Amino acid sequence: MSASGGTKAIVAALAANLAIAVAKFVAFLFSGSSSMLAEAVHSLADSGNQGLLLLGGKKAQREATPQHPFGYGRERYIYAFLVSIVLFSVGGMFAIYEGYEKIKHPHPIEAWYWPVGVLVFAIIAESFSFRTAIKESNEIRGGLSWKDFVRRAKAPELPVVLLEDLGALVGLILALGGVGLALATDDGVWDGIGTICIGVLLVVIAIVLAAETKSLLLGEAAGTDEVKKIEAAVVDGETVTRLIHMRTLHLGPEELLVAAKVAVRHDDTAAEVANAINAAEERIRAAVPIARVIYLEPDIYSETAASAGSNPAKTPGGPGH
């Protein structure tokens, strides 16, 4: 997996969640707290999710085949989408069910020091994991806000880990609040309420992740900055005089397909046109290195057709002359 895939953040989150999951299960066995059980399952699900992200990154590195000529870069999107499903079902829905059962059949929390101690430990461990994810994200986030980074990032791993860690921290605070109120009031209903809040939180995060990864699965174009660089690189004013229209598509986080119709001079020979196209491809790859699959179609630009409204720049896919 490339550095932009956030491997370090994934491994840090995996290590933290495995340790936390074990501690939470032990605390649940000693205390009987439903919040602890929900949090333990949540951490276990998160551990599985990080495993899925690592597996997706590994599978995405396979070479292209005749059956999959554009490679397997989108495997990373598929596994990120699976993460949202696991988070929704195993994490969110289980917590809501467990909380509902605890409210129906409340019982006091025993050995209170177990859940409180484990929750404090988990908050510290998750904070370190979250800090690693933030540090990794800042290296590629640029000037984007966190909201825009999650929405626009083409590599799904870092947004997934960020949202998971954020959800884990908020969930731990909710669990601590539910356990604290249950101990203060000697009423186990509060533990169940805290558990339901954790479940709702996980469901919301899962829906956000599903929506973002669905967009990546459907196919997203290059970012605005990359499009501008490609447009500037393709035209040299001598052999390629105009960009008539262009389409871009991410085949994976680090692989971009560029398809464009470009205008060449009407009196150029076939050899000159071929050389112009090859030179334009080199300029595009130099400007945007992830543009690895490029198809340029030469055409003769017509001012008459453009003024009549049949210019492909206005009607994508139409004739160029």
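The values are calculated or read from the model by the stated rules, or taken from the named source; none is laboratory data. Source: prediction; values computed, not measured. When we count neighbours, we look across all protein chains shown, and the Cβ atoms used for this are built from the backbone with ideal geometry, even at glycine. Please note that ligands, DNA and RNA were not included when accessible areas were found on the heavy atoms of the full protein model with its side chains. Shrake-Rupley method; radii C 1.70, N 1.55, O 1.52, S 1.80 Å.
For this structure, a couple of remarks:
- Over 23 Å between alpha carbons, listed pairs LYS24/LYS147; LYS147/LYS214; LYS154/LYS214: LYS24/LYS147
- 1.4 Å probe accessible area per residue over region 89-132, in Å²: 58
- Intensity falloff of region 1-61 expressed as log10 I(q)/I(0), Debye formula with alpha-carbon point scatterers, at q = 0.15 Å⁻¹: -0.49
- In region 178-272, GluC sites (Glu not before Pro) in a DSSP loop with at most 16 other beta-carbon atoms within 10 Å: GLU220, GLU238
- Heavy-atom accessible area with a 1.4 Å probe sorts PHE81, PHE121, largest first, into PHE121, PHE81.
- Of the GluC sites (Glu not before Pro) found in region 43-106, those in coil by DSSP whose Cβ has at most 14 other Cβ atoms within 10 Å are GLU63.
- For the chain, the dipole from Cβ point charges (+1 on Lys and Arg, -1 on Asp and Glu) about the Cα centre works out to 80 debye, to the nearest 20.
- Per-residue [θ]222 nm for the chain (sum of -39500 (n - 2.57) over DSSP H runs n ≥ 4, rounded to 500): -21500 deg cm²/dmol
- With every protein chain in place, the chain: carbon and sulfur % of accessible area (1.4 Å): 64
- Per DSSP, loop trypsin sites (Lys or Arg not before Pro) in region 228-298 with at most 16 further Cβ within 10 Å: ARG265
- Other-chain or far-sequence residues with amide H under 5 Å of ALA291's (modelled H): LEU256
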